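Trainee: Can you read through this structure? Questions will come right after.
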Amino acid sequence: GRAAGLENGQPPPSPDSRPVDVWRGEFGKTYVDRNEVSEQRFAERRAMWQRVLDKVPAHELTSLVEVGANIGLNLRALGSLTDARMVALEPNPIARDRLRADGVVAENDILDGDATAIRRRGGRPRLHMWRAHPCTAQRT
């Protein structure tokens with residue numbers, strides 16, 4: 001049998017080894033440093049999101065939240081396609097500073113956190129952007 005509190009025979013990860021903490025640390029910093037906003041990357045993201053938004057009635061699109069926004073490549077592209085409110089949920093302080101400095105979204109819409117921070121009145125979020133792919137959010 002399995003001991004109480006163990007998953008797959010392994011103890012649960014300590015709070016300081018959660019994946020989100022990796023993104024808040026040195027790895028996340030170097031990831032921000034490696035990301036560049038270029039015309040080509042912007043054009044590719046914009047074309048991808050245009051195909052997605054072509055299938056969404058404009059009146060239904062009032063806000064978008066990108067979980068793990070980093071420097072906001074998706075939000076930059078989406079901002080050129082829709083007037084919907086854009087929210088960046090990002091655990092890395094350096095990435096949040098970059099979002100602010102570049103004016104990607106409104107200051108109040110740059111939030112510190114990860115997917116566990118999402119709450120929506122009356123149910124679950126309707127659409128999340130995760131690794132640049134739209135997917136239906138499932139409540140766990």
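The values are calculated or read from the model by the stated rules, or taken from the named source; none is laboratory data. This is a predicted model, so every value here is computed, not measured. All Cβ positions, glycine included, derive from the backbone under ideal geometry; neighbour counts span all protein chains shown. For accessibility, only protein heavy atoms count, side chains too; no ligands or nucleic acids. Shrake-Rupley method; radii C 1.70, N 1.55, O 1.52, S 1.80 Å.
Trainee: ARG100 to LEU81: extension gain in nm, 0.36 nm per residue of separation minus the Cα-Cα distance?
Mentor: 4.8 nm
Trainee: Round to the nearest 10 and report in Å² the accessible area of THR82, as given by a 1.4 Å probe over the protein chains' heavy atoms.
Mentor: Here the residue's solvent-accessible area equals roughly 30 Å².
Trainee: Tell me the label-point distance for the pair GLU107, LYS55, using the 7 Å Cα-to-Cβ offset, in nm and rounded to one decimal.
Mentor: Each label point is offset 7 Å from its Cα along the Cβ direction, giving 3.8 nm.
Trainee: If you plug each phi of segment 62-73 into the Karplus form 6.51 cos²θ - 1.76 cosθ + 1.60 with θ = phi - 60°, what whole-Hz ³J(HN,Hα) values come out, in order, with x for Gly and Pro?
Mentor: These are the phi-based 3J(HN,Hα) values: 10, 7, 9, 10, 9, 8, x, 5, 6, 8, x, 4 Hz.
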